Amino acid sequence: MSDHVSDPATEVFAAHRNLLFTVAYEMLGSAADAEDVLQETWLRWVKVDLGQVSDLRAYLVRITTRQSLNRLRTLQRRKEAYVGQWLPEPLLTAPDVAEDVELAESVSMAMMLVLETLSPTERAVFVLREVFDVGYDEIAAAVDKSPAAVRQIAHRARRHVDARRPREVVSASRTRAALESFRRALDTGDLQGFLDVLAPEVVLVGDGGGLKQAAVRPIVGADKVARFMLGGLGKNKLPIAVAPTVVNGSPALLVHLDGEIDGVMAFRIEDGRISGLYYVRNPQKLTRVASETPLTLR
C-alpha cells in the first residue's frame, strides 16, 4: 500500500482498514488469510475511479466480501487435509473490545466455530447483516444475489446461529472470575477446583495442527477434561506460566512453556462455569499473538 497519506484512495482505505480486516477475519477465521484478502482488496481498490463511487465504505466492503468468498474455497480444501481439530486463529484484542458486547460475541471462539457450520454465502450474509448492519441491497451486490434472496439467506443463517450460539452473553468480569478459578486449579493441581469451575458437559477442543500434541477428538465431561489438563500441563516438567490476556474480544489465558508461547486458551462461559475450552497450540496460528500488539477491530 502506498505511503502517500494525502492520496484519497489511501486515506479511505486506511480509515476503513479495521472494519475490512474484521469482516474478512469473521468470514475466514484466519488472520493471515484476512491480511491476504486486504492486500487483494487494496490492489483492486487503487484501480477504482472514486468519483464514480457513491458509497466508498460499501464499495470497499463489497470488494473484501468477494475476495473473502474466493479465499474460503482454498481454506475449505486446507481444512479437509488438516490434522486433528481445527480452531480459528486467535487474535489478541484490546481490552476495550470486550466492553463492546455485540462485537466481542461475534469474534469469540465459540461464535467463530458456529459460523464454521454455515455455507460460505450464509456466513457472508450473516456477518454483514448481523454484525455490521449492512443493508440488504449492499449485501446483495457483495454476494451476487437478489435482495429478496439475501433476506431469505439472512433469516436462515440467523435461525441456524441462534440455535447454536451461547444462551447468554457473559460479562467480561464474570468470565475473568471463572478463568481465575481455572488458572488457580491448574497452578495448584487441584482436581476439585477444576470440577467446581467446569460445567458437567464441558467440551475441550485442542488444535495442534499436527505440529504440537493435542487431543485428536474433542474431550467431553468435567472429570475427563480436568484429568486431561492435570495429566498434560499440570504435570509438565518444563517451567509453565499462565497469564491472563484478551483474545477475540474475551478474557483468555496465554500459556508459556519454558519461556516460549505454547498456546492460547479461549473459553465459553455459561451460568458462571466453563462449558467450552479451546486450546490453540498450532505454532503457525500463534505467530501473530507472539508478535503483534492487540487489535482494536472495526
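Give, rounded to the nearest 20 debye, the magnitude of the charge dipole that the chain has about its Cα centre when Lys and Arg contribute +1 at Cβ and Asp and Glu contribute -1 at Cβ.
The dipole magnitude comes to about 980 debye.
Relative to the present Cα-Cα distance, how much length would full extension add between Leu43 and Lys237 at 0.36 nm per residue of separation?
Going from the current span to full extension adds 64.9 nm.
May I ask you to list the aspartates and glutamates whose Cα is less than 14 Å away from that of Lys47, ignoring any residue fewer than eight positions away on the same chain?
Partners within reach: Asp7.
What does the convex hull of the alpha-carbon atoms of region 1-60 project to on average, in nm²?
Projected area, direction-averaged: 4.0 nm².
Regarding the chain, what's the average projected area of the Cα-atom convex hull, expressed in nm²?
15.7
Dipole of region 102-202, Cα-centred, from +1 at each Lys and Arg C-beta and -1 at each Asp and Glu C-beta, to the nearest 20 debye? Walk me through the intermediate numbers first.
On the way: 14 positive and 16 negative charges, 49 e Å.
My answer is approximately 240 debye.
Give me the extension gain from Ala58 to Asn70: residue separation times 0.36 nm, minus the current Cα-Cα distance, reported in nm with one decimal.
Here the answer is 2.5 nm.
Skip the ligands, DNA and RNA, and give the accessible area per residue of region 49-177 with a 1.4 Å probe, whole Å².
Ligands and nucleic acids excluded, the result is 49 Å² per residue.
Work out how far the C-alpha atoms of region 132-174 reach from end to end along every principal axis, then list the three figures in whole Å, largest first.
42, 19, 11
Tell me, what % of the accessible area of the chain is carbon and sulfur with a 1.4 angstrom probe? Please report the intermediate quantities before stating the final value.
Details: 6940 of 14030 Å².
Percent of accessible area from carbon and sulfur atoms in the chain: 49.
Can you compute the FRET efficiency between Asp196 and Ala14 using 1/(1 + (r/R0)^6), with r the Cβ-Cβ distance and R0 = 51 Å? Round to the nearest 0.05.
It comes to 0.60.
In region 172-247, with Lys and Arg counted as +1 and Asp and Glu as -1 at Cβ, which of these residues, Val197, Phe228, Ile240, has the Cα nearest the positive end of the dipole, that is, farthest along it?
Working it through, the farthest residue towards the positive pole turns out to be Ile240.
Compute the Kirkwood hydrodynamic radius of region 157-277, taking the inverse of the mean of 1/r over all pairs of distinct Cα atoms, and give it in Å to one decimal.
15.0
Spin-label point model (7 Å from Cα, Cβ direction): what's the Asp187 to His256 distance in nm?
Here the answer is 1.5 nm between the modelled labels.
In 10 Å bins starting at zero, report the fraction of Cα pairs in region 105-197 per bin as a rounded %.
With 10 Å bins starting at 0, P(r) equals 15, 34, 23, 15, 10, 3.
Using +1 on the beta carbon of Lys and Arg, -1 on that of Asp and Glu, and nothing else charged, what's the dipole of region 147-298 about the Cα centre, debye to 20?
That gives region 147-298 a dipole magnitude of about 700 debye.
Please go through region 128-192 and write out the GluC sites (Glu not before Pro) that DSSP classes as loop and that have at most 15 other C-beta atoms within 10 Å.
Answer by residue number: Glu168.
If you wrap region 236-282's Cα atoms in a convex hull and average its projection over all directions, what's the area in nm²?
3.7
For Lys237, which aspartates and glutamates qualify as cross-link partners when the Cα separation must be under 19 Å and same-chain residues fewer than eight apart are set aside?
Correct list for Lys237: Asp187, Asp190, Asp258, Glu260, Asp262.
So what is the relative contact order for region 87-217, in percent, with contacts set as C-alpha pairs under 8 Å and at least six apart?
20
The values are calculated or read from the model by the stated rules, or taken from the named source; none is laboratory data. Just so it is clear, the structure is predicted and the values come from calculations on it, not from any experiment. Positions of Cβ are backbone-derived with ideal geometry, glycine not excepted, and every protein chain shown enters the neighbour counts. Ligands, DNA and RNA are stripped out before the accessible areas are found, and what is left, the full protein with its side chains, is counted by its heavy atoms. Shrake-Rupley method; radii C 1.70, N 1.55, O 1.52, S 1.80 Å.
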